[in-house]
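K.L.:
Following this message is one structure expressed as structure tokens.
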Amino acid sequence: MEAKIQPKILAEKRKELGRIVPIDVPFSVQIDICSACNFKCNFCFHSDIAAVEKANVKFGSMSYELFCKIIDDMKREWKTKGKVKKLRLFKVGEPLLNKNVCEMIHYAKSADVAEKIEITTNGSMLNPELNQKLIDAGLDILNISVNGINEAQYKKVCNYEMSFDEYLSNIRDFYERKADKCRLTIKYSDIGYTDEINQKFYEIFSDKCDEMFVETISDTLWQDTNISKNVKKAQVGTYGDEIVQKKVCPFLFTTLVINESGIAHLCCVDWKNEYMLGDLNKESINSIWTGVILRKYQMLHLKGNKDKMDLCKKCQSLSANTPDNLDLYADQVLARMESGGIS
């Protein structure tokens, strides 16, 4: 069956955020179960070794025990408030490098804390045995980021040597095994490729997934790195739509991001973990989600002062990476938060 050409962000029904935030439970909890990566893609901060060393960023895997603690927090504290819509077990690394990935999926699935559990992977580690384990564990959505249409392109763009035929075979194996138990989406990272190359991607993968799309990579995605020299300045948003400049970031009101060490921080593009919200090793997940630090950042955005934050001042993600727009509702959301004793 031929895949539907559709960005994954539009696969779900979306609510009008301005009418409902702040919310008791985040729509998405993003846990980086492994921040290390076996790729060094030239559009990712992982490839800028000098910047990583300068920022003293360390990579590793989340322990199974810490992961279970976070899931237990979610179950205990949000049981009466509802599930998160998506539990995303990835952020800046390759999640399949975590040896406990399948056990983590199973634990979260059994705890019933999320409507869907999702992983984004480069797909290089997939094989028939792992494919079956991921499916059996209860994975709901597998997103594969394809970064090349042949071995030469993977070597040039990702600094990674692979058998492309084997790579395709393993993706097809997952697609055929999963039946209707899991949704498989594949996206191609367009850093300024030709239309011919993008079309070739569709031809190669259209019979190996449920949904697919060519996503545009922003040259501002990873700040304070050298990746902008490798990425053509985007004229459209990530999902091919018009770039609409926004003042209020929707992600601050919908998503809680946790790194592999258990530190909750402001945003998935905060690769240096500079804007910390709390420590899940010591604090509960609800105390961080409803805490004063996150509220302070939310208020800055609502009052039109996001440029006081270096990370947000230069970021285009809020304008290019989501169809949600809180700008027209900023005063209403601010009034609701202030009337609730939040200032």
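K.L.:
Each residue of region 294-310 in order: what ³J(HN,Hα) in whole Hz does its phi give by Karplus 6.51 cos²θ - 1.76 cosθ + 1.60, θ = phi - 60°, with x for Gly and Pro?
P.N.:
Whole-Hz 3J(HN,Hα) from phi for region 294-310: 4, 4, 4, 5, 4, 5, 4, 5, 4, 8, x, 10, 4, 5, 6, 9, 4.
K.L.:
Taking 7 Å along the Cα-to-C-beta vector as the label spot, tell me the residue 206-residue 54 distance in nanometres, rounded to one decimal.
P.N.:
Taking the simple label geometry, residue 206 and residue 54 are separated by 4.4 nm.
K.L.:
Suppose every K and R has +1 on its Cβ and every D and E has -1 on its Cβ; what is the size of the dipole of the chain about the Cα centre, in Debye to the nearest 20?
P.N.:
That gives the chain a dipole magnitude of about 960 debye.
K.L.:
For a quick check, take a GNM of the chain with Cα springs below 10 Å and name the residue from 105, 204, 171 with the largest mean-square fluctuation.
P.N.:
Answer for the Gaussian network model of the chain: 204.
K.L.:
Also: Run the accessible area of region 140-181 with a 1.4 Å probe and give the carbon-and-sulfur part as a rounded percent.
P.N.:
Carbon plus sulfur share of accessible area: 41 percent.
K.L.:
For the chain, what does the helix formula give at 222 nm: sum of -39500 (n - 2.57) over DSSP H segments with n ≥ 4, over the residue count, nearest 500 deg cm²/dmol?
P.N.:
-9500 deg cm²/dmol
K.L.:
Top mean-square fluctuation among 63, 163, 189, Gaussian network model of the chain, C-alpha springs under 10 Å?
P.N.:
Taking springs between Cα atoms under 10 Å, the residue moving most is 163.
K.L.:
Once a ≥ b ≥ c are taken as the square roots of the eigenvalues of the Cα gyration tensor of region 1-141, is the result rounded (a/c under 1.5), prolate (a/b larger than b/c) or oblate (a/b not larger than b/c)?
P.N.:
Note, shape of region 1-141 comes out rounded.
K.L.:
Now for a separate question. Looking only at 16, 260, 77, which one moves most when the chain is put into a Gaussian network model with springs between Cα atoms under 10 Å?
P.N.:
Comparing 16, 260, 77 in the GNM, the peak value goes to 16.
K.L.:
Out of region 134-183, which trypsin sites (Lys or Arg not before Pro) are coil in DSSP terms and have no more than 16 other C-beta atoms within 10 Å?
P.N.:
For trypsin sites (Lys or Arg not before Pro) across region 134-183 that sit outside H, G, I, E and B with at most 16 neighbouring Cβ atoms in 10 Å, the list reads 181.
K.L.:
Excluding ligands, DNA and RNA, what is the solvent-accessible area per residue of the chain at a probe of 1.4 Å, expressed in Å²?
P.N.:
In whole numbers, the chain has 45 Å² accessible per residue.
K.L.:
If you average the sequence gap of Cα pairs under 8 Å that are 6 or more apart and divide by the length of region 4-339, what percent do you get for the contact order?
P.N.:
23 percent
K.L.:
Go through region 61-74 residue by residue and turn each phi into a ³J(HN,Hα) via Karplus (6.51, -1.76, 1.60, θ = phi - 60°); whole Hz please, and just put x for glycine and proline.
P.N.:
10, 6, 6, 5, 5, 5, 4, 5, 4, 5, 5, 4, 4, 4
K.L.:
Let me ask something else. At 7 Å along Cα-to-Cβ for each site, give me the label-to-label distance between residue 313 and residue 177 in nm.
P.N.:
Rounded to a tenth, the inter-label distance reads 4.9 nm.
K.L.:
Kindly state, to the nearest 0.05, the FRET efficiency for residue 165 paired with residue 136, given R0 = 25 Å and r defined as their beta-carbon distance.
P.N.:
0.45
The values are calculated or read from the model by the stated rules, or taken from the named source; none is laboratory data. Predicted model, so just to flag it, every value in this text is computed and none were measured. Note that we place each Cβ from the backbone using ideal geometry, even for glycine, and neighbour counts take in every protein chain shown. Areas reflect the complete protein model, heavy atoms only, side chains present, ligands, DNA and RNA absent. Shrake-Rupley method; radii C 1.70, N 1.55, O 1.52, S 1.80 Å.
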